[in-house]
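Sharing a structure, written as structure tokens. Questions coming.
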Amino acid sequence: MIDLVIPAIVSCIIAFFVVFLTTPPLIKFLEKRNMAVKDMNKKEEVMVVRPGGPSIVLGIIVSEIVLYAFLQLNEIIAIIITTSAAFAIGYVDDRKVMGGWFKPVTLAIAAIPIIAFGAYDTDLAFPLFGEVQIPVLYLGLIILMIPITGNTINSIDVLNGVASGFMVIASFSLSICLFIVQNYEIAIVSLPLGFVSLAFYKYHKIPSKIFPGDSGALTLGAMYGSIAIVGGVEIIAAVALLPAVINSFLFLSSVKKIVEHRQIKGKPVEHTEDFKLKSTDDRTAPVTLVRLILAAGPLTEKQVGIAIFKLTLFSGTLAVITAFLMGVRI
Amino acid sequence: MKKGLYGFLFGMWILMLLGGGIVVTILGPVEVTGYGDVNWFIASVIKAITAIILVVIWILILLKMKNWIFKKEIKS
């Protein structure tokens, strides 16, 4: 345990500062190339550059390579390849409009390195009841997990700072849980995700200077999913991610098919005269987490973000309780 | 509405714990004999199909729970 302290500190510092220092030049580069989109939730004509994925993936790759130099774990290589593949998939989607099938199918392929490196355990651990061995089913779970976590984080990237702030809380919760279940090495491997998200949040928080784009959101989501698999904490990871899972569940159960957000015609949210966010009565619009938060009345973009962060803190607490329950048998 | 969201989140968590119980106590011990080397494979397929059915039931319960919680919240 003690010999893991130095790799942990070094990788966390590198993860944070790589993103913190490379994002401002990336913003300038994207501004020069006019790669900006309108921030729909601002009264004035505000343009925000995207994607921030390159600085996010750079922070992850550099910090994980440093960890590999210390720990020599195959799991780290699998995480780096899967996360990099998710970044590439997201970057293609950032530059070119792809169909609704593109991300789920390609992200499923991105999960293959985890299987190829044997960086998983076929036992699925549940709190209170123990483990179950599901060799064939588990392979399917790996293939499904990366598209689910990637798209889930992408779907919650709707307001300034929400995706990165959400990932800060969810990933640090997951790291705490990995320490609780005494999987110390993967806990250390997971820490850079939280620090990368924290550094990016500095530029993504309201008012955003940069958006993560699909490349950023898929990178964060795929790394989260990879850690859940290699750490053997799939159920705990799902609990920490529940607000985003609810968002995807509400969206899919109202739309009843897999589609891109841009293909939806009905608007779930509109603006009041003072530019607060307000839920619409449009029956064709999908039900989303933001729409439900706004059902009680209009709120500012910042207030909605805080409501989502509070829900994430609640689910993070449930994840920590779940981690403790892993050691309890009934 | 926010109170309903916390309730929905908590309900999902409880359903996950219960689902885990069903998987470990009922699905986990399923074994198949008499098919030689493919016993484990047939058992896995049975477990996979049962797990998918359980997920479908889980989603249906969640849909009911969603309608119940949020309709109640909107009325109040």
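Rule-based calculations on the coordinates, nothing more; no lab input. This structure is a prediction, so every number in the text was calculated from the model and none was measured. Neighbour counts are summed over all protein chains in view; Cβ atoms, including those assigned to glycine, are modelled from backbone coordinates with ideal geometry.
Using only the alpha carbon atoms of chain A, find the Kirkwood hydrodynamic radius as the inverse mean reciprocal pair distance, in angstroms to one decimal.
Working: mean 1/r = 0.0500 Å⁻¹.
Result for chain A stands at 20.0 Å.
With runs of 4+ DSSP H residues as the only contributors, calculate the mean residue ellipticity of chain A at 222 nm using -39,500 (n - 2.57) per run, divided by the residue total and rounded to the nearest 500. It would help to have the intermediate numbers written out before the result.
Numbers: 13 runs with 213 residues, N = 330.
About -21500 deg cm²/dmol.
Then there's this: Run down the aspartates and glutamates and flag those whose C-alpha is under 17 Å from the C-alpha of B:LYS3, throwing out any fewer than 8 positions away in its chain.
Output for B:LYS3: B:GLU73.
Now for a separate question. What relative contact order, as a whole-number percentage, does chain B give when Cα pairs under 8 Å and 6 or more residues apart are counted? Spell out each step's value before the answer.
Working: 27 pairs, mean separation 36.0, N = 76.
RCO, chain B: 47 percent.
Among the aspartates and glutamates, which have Cα under 12 Å from the Cα of A:LYS103 when same-chain residues fewer than 8 positions away are ignored?
Filter leaves A:ASP93, A:ASP94, A:ASP214, A:GLU260.
Over chain A, what is the relative contact order in whole percent, taking alpha-carbon pairs under 8 Å and six or more residues apart?
24
If you take the C-alpha gyration tensor of region B:2-75, multiply each eigenvalue by 5 and take the square root, what semi-axes do you get, largest first, in whole Å? All intermediate terms of the calculation are to be shown ahead of the outcome.
Numbers: eigenvalues 266, 24, 8 Å².
After diagonalising the Cα gyration tensor, the semi-axes are 36, 11, 6 Å.
Which listed residue (B:VAL56, B:GLY36, B:TRP68) has the Cα farthest towards the positive end of the charge dipole for region B:2-75, taking +1 on Lys and Arg C-beta and -1 on Asp and Glu C-beta about the Cα centre?
The residue sitting most towards the positive pole is B:TRP68.
Okay, moving on. Cut-off under 12 Å on the C-alpha distance; same-chain residues fewer than 8 positions from A:LYS205 excluded. Which aspartates and glutamates are left, in chain and number order?
A:ASP157, A:GLU301
Of A:ALA119, A:TYR68, A:ALA85, which is farthest along the charge dipole of the protein assembly as shown in the positive direction, counting Lys and Arg as +1 and Asp and Glu as -1 at C-beta?
Checked the options; the winner is A:ALA85.
Take the Cβ-Cβ distance between B:ILE42 and A:ILE6 as r, set R0 to 45 Å, and report the resulting FRET efficiency rounded to the nearest 0.05. It would help to have the intermediate numbers written out before the result.
On the way: r = 49 Å, r/R0 = 1.09.
With R0 = 45 Å, the Cβ-Cβ based efficiency is 0.40.
Say R0 is 56 Å: what FRET efficiency, to the nearest 0.05, do A:LYS32 and B:LEU18 get from their beta-carbon distance?
Numbers: r = 55 Å, r/R0 = 0.98.
My answer for the efficiency is 0.55.
Summarise the long-distance tail of P(r) for region A:111-268 by giving the % of C-alpha pairs beyond 22 Å. Intermediate values should be presented prior to the final figure.
Values: 5381 of 12403 pairs.
Across region A:111-268, Cα pairs with separations above 22 Å total 43 percent.
While we're on this one: Calculate the spin-label point distance for A:ARG95 paired with B:VAL32, positioning each point 7 Å from the Cα along the beta-carbon direction, and give it in nanometres.
Roughly 4.6 nm, to one decimal.
Only four residue types carry charge here, +1 at the Cβ of Lys and Arg and -1 at the Cβ of Asp and Glu. Report the dipole size of the protein assembly as shown about the Cα centre in Debye, rounded to the nearest 20.
1620
Expressed in whole Å with the largest first, what are the equivalent ellipsoid semi-axes of region A:5-161 derived from the C-alpha gyration tensor as the square root of 5 times each eigenvalue? Kindly include the intermediate steps, with their values, before the conclusion.
Working: eigenvalues 202, 96, 42 Å².
Ellipsoid semi-axes (Å, largest first): 32, 22, 14.
Note down the net charge around A:LEU26, summing +1 for each Lys or Arg and -1 for each Asp or Glu among other residues with Cβ under 12 Å from its Cβ.
Numbers: positive: A:LYS28, A:LYS32, A:ARG33, A:ARG50, A:LYS209; negative: A:GLU31.
The answer is +4.
Take the residue pairs A:LYS310/B:LYS64; A:LYS202/A:LYS267; A:LYS28/A:LYS209 and return only those whose Cα atoms are more than 18 Å apart. Intermediate values should be presented prior to the final figure.
Details: A:LYS310/B:LYS64 25 Å; A:LYS202/A:LYS267 29 Å; A:LYS28/A:LYS209 10 Å.
Table pairs above 18 Å Cα-Cα are A:LYS310/B:LYS64; A:LYS202/A:LYS267.
Report, in degrees rounded to the nearest 10, the 0 to 90 angle that the Cα long axis of helix A:242-255 makes with the longest principal axis of chain A.
Around 50 degrees separate the two axes.
Rounded to the nearest 20 Debye, what is the dipole magnitude of region A:38-184 about its Cα centre when Lys and Arg each give +1 and Asp and Glu each give -1 at the C-beta? Please report the intermediate quantities before stating the final value.
On the way: 7 positive and 11 negative charges, 96 e Å.
Rounded to the nearest 20 debye, it is 460 debye.
Is any residue of region A:224-241 close enough, with backbone N under 18 Å, to a label point placed 7 angstrom from the Cα of A:VAL328 along the Cα-Cβ axis, and if so, which?
The answer is A:235-237, A:239-240, whose backbone nitrogens lie closer than 18 Å to the label point.
Along Cα→Cβ, 7 Å out, is where each label goes; now give me the distance between the ones at A:LEU252 and B:LYS64 in nm to one decimal.
The modelled label-to-label distance comes out at 2.0 nm.
Given a Förster distance of 30 Å, report the FRET efficiency between B:THR25 and A:GLN182 from their Cβ-Cβ distance, rounded to the nearest 0.05. Mind showing how you got there, number by number?
Details: r = 25 Å, r/R0 = 0.82.
Calculated transfer efficiency: 0.75.
Taking only C-alpha pairs under 8 Å that are 6+ residues apart, what is the relative contact order of region A:187-330 in percent?
It comes to 22 percent, rounded to a whole number.
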